[in-house]
Amino acid sequence: MRTIVVAVIAALVALSALADEPTVQLKPGPGLDKVEGNCGACHSLVYIQMNSPFLNAAGWNAEVTKMIKAFGAPISDGDAKDIAAYLAANYGT
Amino acid sequence: METLPGKKPLIRLAYRPPNYESPLDYFRTPLTPNDEFFIRYHLSDIPDVDAATYKIAVGGDGANGQTELMLDDLKKLPAYEIVAVNQCSGNRRGLSNPHVAGVEWGIGAMGCARWKGARLKDVLAIVGLKPEAIEIAFNGADGPAFDKTPDFIKSIPVWRAVDESTLIAYEMNGAPLPHLNGFPARLIVPGWTGTYWMKHLISVTALTKPQGGFWMNPAYRIPVGMFPVVARFVSQENATSTPITEIVVNSLITSHADGTKVKAGNNTVSGLAWDGGYGITGVAASTDGGKTWAAATLGEDFGRYAFRPWSFAFKAKPGKNTVMINATNKIGQTQTATLLFNPAGYHNNVMQNITLNAA
């Protein structure tokens, strides 16, 4: 968790020259806290809305897997399942 | 729309990493002003680079030596200018049907500027290339928010690196590069898509083996044989996919958005056409859905890598009118009538066919 916090701070410092990051309010639902804590550490949550509602459950699962395998996101197996389930339920086809 | 420092309002796709496209009305001139130019980043740690201490490391196992160039060193090399289109590989991805995942760009992930800088071949000559060098790789000062995320590193074939048009540019339209367009210097690969145009360039590395990493494979790949491109990147090809290379011939109506109301009678539709550097030789327009075509009038020629303006006069009848366009380049390539679907949504050059409602 500490690494995620460090990453968030680094990102905020790096972008301090820009305007404040707009708040992205995702739909309430089980797993939202894990989406905000994990996904939001490296990128704006707007990327989720941008790819909604085009991805189905398998598509969202592939995106979460890509973030872990290809981008090295430090997301636990349990969190990854909750995140994929949240995305499919709230932003899936 | 959002206004970032030093920029006019751009269409925000995402704030972190920042991805912003230019709206249609910024494309009514063949050169895109710096403050109207689109912004595209993969990773969100984007440092403010200090020009006074900025350095580019030049070397690699495919080079005879190594050196570091300060910005002033770069400026002491012979300077060249070129007008060239910088277009994101995924421009128009959001128009793909069926939909594909990614940054959902509309038509505005592109721009055309007059770039000034040193030739990459002159920089490489300082260290000297070994005969066995096959690729030149590039890294920028920007990086990931998290250290396990692959840094954005890209390579191009040596033949493309030593092409006279390939520059390390430190000026854009006569001014320093805006921060979010790569200050203080970026790579310019005219004719090739924006993925190779490394911003905030900090290293130039000659390689004797192909560059690996996520951003070379699986990212930025197109299916082998799908698109009519000439330029190949042989050292990175495999049986099914190959890196995206040159921009496919394309055009955009910039005077009118789809569905615009016009007056019945004489109207002029205008826009831009561009390609991978062979040069635009014509733009055809059709007001009957492609059954018959007439030649649009080409405007000022800023060089074969630039946006080529064009205009087309026609008489609108009361009610619904359509205007379809198709650009042709010097090697006879034209746009596609139907989407060449690929999973990353690259190379969308489907002919536009807009509706104008006349009263």
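Somewhere in region B:66-81, is a residue in a loop (DSSP other than H, G, I, E, B) and touching a residue at least 60 places away in the same chain (Cβ under 8 Å)?
yes
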Might you check whether a residue that is closer than 30 Å to B:Arg28 by Cβ and crowded, with 21+ Cβ neighbours inside 10 Å occurs anywhere in region B:223-244?
yes
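Residue-wise test of (1) more than 18 Å from B:Val350 (Cβ to Cβ); (2) touching a residue at least 40 places away in the same chain (Cβ under 8 Å); (3) not assigned by TED's automatic domain parsing to the domain that holds B:Glu21.
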site: B:His179; (1), (2), (3): yes, yes, no
site: B:Pro184; (1), (2), (3): yes, yes, no
site: B:Leu187; (1), (2), (3): yes, yes, no
site: B:Gly191; (1), (2), (3): yes, yes, no
site: B:Thr195; (1), (2), (3): yes, yes, no
site: B:Lys209; (1), (2), (3): yes, yes, no
site: B:Gly212; (1), (2), (3): yes, no, no
site: B:Asn238; (1), (2), (3): yes, no, no
site: B:Thr260; (1), (2), (3): yes, yes, yes
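The rows are residues; the columns are (1) away from chain A (no Cβ under 14 Å); (2) of a type in the set (Gly, Ala, Ser); (3) farther than 24 Å from B:Lys209 by Cβ.
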| site | (1), (2), (3) |
| --- | --- |
| B:Gly117 | yes, yes, yes |
| B:Ala133 | yes, yes, no |
| B:Phe146 | no, no, yes |
| B:Pro157 | yes, no, no |
| B:Ala161 | yes, yes, no |
| B:Ser165 | yes, yes, yes |
| B:Ile168 | yes, no, no |
Counting only residues in region B:1-60 that are touching a Gly at 6+ places or on another chain (Cβ under 8 Å) and part of a loop (DSSP other than H, G, I, E, B), the one nearest to the other protein chains (Cβ to nearest Cβ) is identified as B:Leu43
In region B:15-31, what residues are surrounded by 23 or more Cβ atoms within 10 Å (Cβ to Cβ), over 15 Å from A:Tyr47 (Cβ atoms) and among the polar types (S, T, N, Q)?
B:Ser22
Filter pass, A:Ser52 being under 9 Å from the mean Cα position of the chain (by Cα), under 27 Å from B:Arg40 (Cα atoms) and within 11 Å of another protein chain (Cβ to nearest Cβ)
no
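Of all strands (runs of 3 or more DSSP E) completely enclosed by region B:243-353, which ones contain at least 2 residues that are in contact with a helix residue (DSSP H, G or I) (Cβ under 6 Å, 6 or more places away or on another chain) and hydroxyl-bearing (Ser, Thr, Tyr)?
In region B:243-353, no matching strands (runs of 3 or more DSSP E) lie anywhere.
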All but one of (1) closer than 25 Å to B:Gln66 by Cα; (2) in a loop (DSSP other than H, G, I, E, B) hold for B:Asn238, so report the exception by its number.
(1)
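The values are calculated or read from the model by the stated rules, or taken from the named source; none is laboratory data. This is a predicted model, so every value here is computed, not measured. Quick reminder, even Gly has a Cβ in these numbers, built from the backbone with ideal geometry, and neighbours come from all protein chains shown.
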